[in-house]
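These notes concern the structure reproduced below.
The values are calculated or read from the model by the stated rules, or taken from the named source; none is laboratory data. Since the structure is predicted, the reported quantities are computational estimates derived from the model, not experimental observations. As a convention, Cβ positions derive from the backbone with ideal geometry for all residues, glycine included, and neighbour counts pool all protein chains shown.
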Amino acid sequence: MTPRLLLVLPCYNEEAILHLTDTRLNAFYDTLIRENRISRESRICYVNDGSRDATWEIIEALAATNPRVLGVKLSRNFGHQNALLAGLFEYKGLFDCYISIDADLQDDLNAIIPMIEKYNEGASIVYGVRDDRSTDTFFKKFTAETFYKLMRWLKVPVVFNHADFRLIDNRVLTELENYREVNMFIRGIIPTIGLKNDKVYYKRLEREAGETKYPLGKMLTFAWNGITSFSIMPMRFVLWFGAFSFLLSGGMAVYVLYTKFVGVTTAGWASTLLMIAFFNGSNMLAIGLIGEYMGKIYEEVKARPRYIVEKSSPVRD
Ligand code: UDP
Ligand code: MG
């Protein structure tokens with residue numbers, strides 16, 4: 001009953017840490033196999049997400065010397081989420097369970113042991129949840145936790161402090177393939193699949209080499225993408241705001257007519273200017289927001305492939 005495990009690691013410019021990661025993973029796999037937790041046929045898959053450094057050369061060399069290592073090369077950079085999907089779908093059905101984890105091993109490997117236990121107990125999805133962020137910088141902790149709070153407030157179905165460290169089984173992978181959206185925000189999609197799920201808590205560690213591939217700009221884009229993929233709340237705010245200003249302008253009309261007929265007609269250019277500026281501003285904001293969602297629809301309608309695999313290693317014995 002030992003499951004065949006596939007570990008999927010998206011890698012973007014990770015030459016500084018890949019050797020260290022691979023050494024650790026292999027030692028960890030040896031232990032798991034010795035303890036009879038996973039099958040000997042388990043594999044480790046590195047997905048090169050169009051790196052501009054030697055990441056792919058390293059992956060190729062690792063795969064050539066170690067049959068446990070599988071490499072997938074994307075034709076260019078498609079982003080973390082798509083790289084992850086590429087690795088999962090490339091080997092769909094060939095393993096019993098799949099765990100996605102970042103290449104920098106900031107997510108504690110030891111959490112994999114309880115994940116597999118929960119899988120053996122029947123869970124189809126096991127979320128890795130960070131309950132200790134003491135090694136994160138204040139900025140990272142603050143932005144990340146604000147992000148999860150905002151997401152919940154906007155009714156996006158995310159698991160608090162869960163990123164992309166999770167176990168899924170074949171059943172989930174099959175269902176995931178039916179989600180055809182181009183802009184896939186995986187951590188929002190998985191909870192909508194349902195099925196039996198569980199959580200494993202762990203401490204987030206420090207990145208030991210290389211730099212974060214998520215600078216502020218990319219982080220914000222990612223957050224915005226998550227929100228607009230799952231929530232129409234921002235558009236609803238605009239609607240509420242529109243209703244409010246409509247009522248306000250009704251009140252204004254009463255006031256204007258009243259002053260006109262009572263005869264106190266001073267040239268109120270200041271108030272006029274203020275109103276024009278205010279309503280122009282809010283109109284632009286509303287149009288911009290609608291544009292955001294329209295843009296999203298435009299991308300989805302085109303239905304371009306999420307990623308293109310240039311080459312990948314076969315699973316050998
Ligand atoms: N990553 C990727 N493509 C990208 C950006 C990042 O595959 O365009 C990978 C990266 O190599 C790492 C993971 O996504 O394995 C998470 O990135 P990182 O550790 O830099 O993010 P952080 O932990 O700082 O949020
Ligand atoms: Mg990281």
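Restricting the first member to segment 296-317 and to residues that are of a type in the set (Asp, Glu) and modelled with pLDDT of 90 or more, and the second to residues that are outside any strand (DSSP E or B) and surrounded by 10 or more Cβ atoms within 10 Å (Cβ to Cβ), the beta-carbon pairs closer than 6 Å and six or more apart or on different chains are Glu310/Ser75.
For segment 266-288, indicate whether the set of residues that are touching a strand residue (DSSP E or B) at 6+ places or on another chain (Cβ under 8 Å), surrounded by 11 or more Cβ atoms within 10 Å (Cβ to Cβ) and not charged (D, E, K, R) is non-empty. So far as segment 266-288 goes, no, none of its residues is touching a strand residue (DSSP E or B) at 6+ places or on another chain (Cβ under 8 Å), surrounded by 11 or more Cβ atoms within 10 Å (Cβ to Cβ) and not charged (D, E, K, R). When Asp169, Asp104 are checked against the criterion of being within 18 Å of Gly87 (Cβ to Cβ), away from ligand 1 (no atom under 16 Å from the Cβ) and of a type in the set (D, E, K, R), Asp169 stands alone in meeting it. The set of residues from segment 111-123 being part of a helix (DSSP H, G or I) and within 22 Å of the chain's Cα centre (by Cα) comprises Ala111, Ile112, Met115.
Residue-by-condition table, conditions (1) basic (Lys, Arg); (2) under 22 Å from Ser313 (Cβ atoms):
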| site | (1), (2) |
| --- | --- |
| Asp102 | no, yes |
| Ser134 | no, no |
| Val158 | no, no |
| His162 | no, no |
| Arg166 | yes, no |
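Taking residues in segment 201-213 that are closer than 24 Å to Phe78 by Cβ, and partners anywhere that are aliphatic (A, V, I, L, M) and near ligand 1 (Cβ under 10 Å from one of its atoms), the pairs with Cβ atoms closer than 8 Å and at least 6 places apart or on different chains are Arg207/Ile17; Ala209/Ile17; Gly210/Ile17. Among the conditions (1) within 16 Å of ligand 2 (Cβ to nearest atom); (2) within 15 Å of the chain's Cα centre (by Cα); (3) among the small types (Gly, Ala, Ser), Ala86 misses just one, which is (1).
What do you reckon, is Val182 among the β-branched types (Val, Ile, Thr), buried (at least 19 other Cβ atoms within 10 Å of the Cβ), modelled with pLDDT under 95 and away from ligand 1 (no atom under 13 Å from the Cβ)? Can you show your working first?
Working: among the β-branched types (Val, Ile, Thr): yes; buried (at least 19 other Cβ atoms within 10 Å of the Cβ): no; modelled with pLDDT under 95: yes; away from ligand 1 (no atom under 13 Å from the Cβ): yes.
Criteria not met by Val182.
From the list Val254, Val238, Val200, the one residue that fits, being β-branched (Val, Ile, Thr), away from ligand 2 (no atom under 16 Å from the Cβ) and within 20 Å of Arg166 (Cβ to Cβ), is Val200.
Residues in segment 124-152 that are surrounded by fewer than 18 Cβ atoms within 10 Å (Cβ to Cβ), away from ligand 2 (no atom under 16 Å from the Cβ), touching a residue at least 40 places away in the same chain (Cβ under 8 Å) and not in a strand (DSSP E or B): Leu150 alone. Taken over segment 193-251, residues that are of a type in the set (Lys, Arg) and more than 30 Å from Ala123 (Cβ to Cβ) amount to 2. The number of residues in segment 26-61 being aliphatic (A, V, I, L, M) and surrounded by 20 or more Cβ atoms within 10 Å (Cβ to Cβ) comes to 5. Considering segment 1-25, the residues that are farther than 16 Å from Ile112 by Cβ and among the polar types (S, T, N, Q) include one that is surrounded by the fewest Cβ atoms within 10 Å (Cβ to Cβ), namely Thr23.
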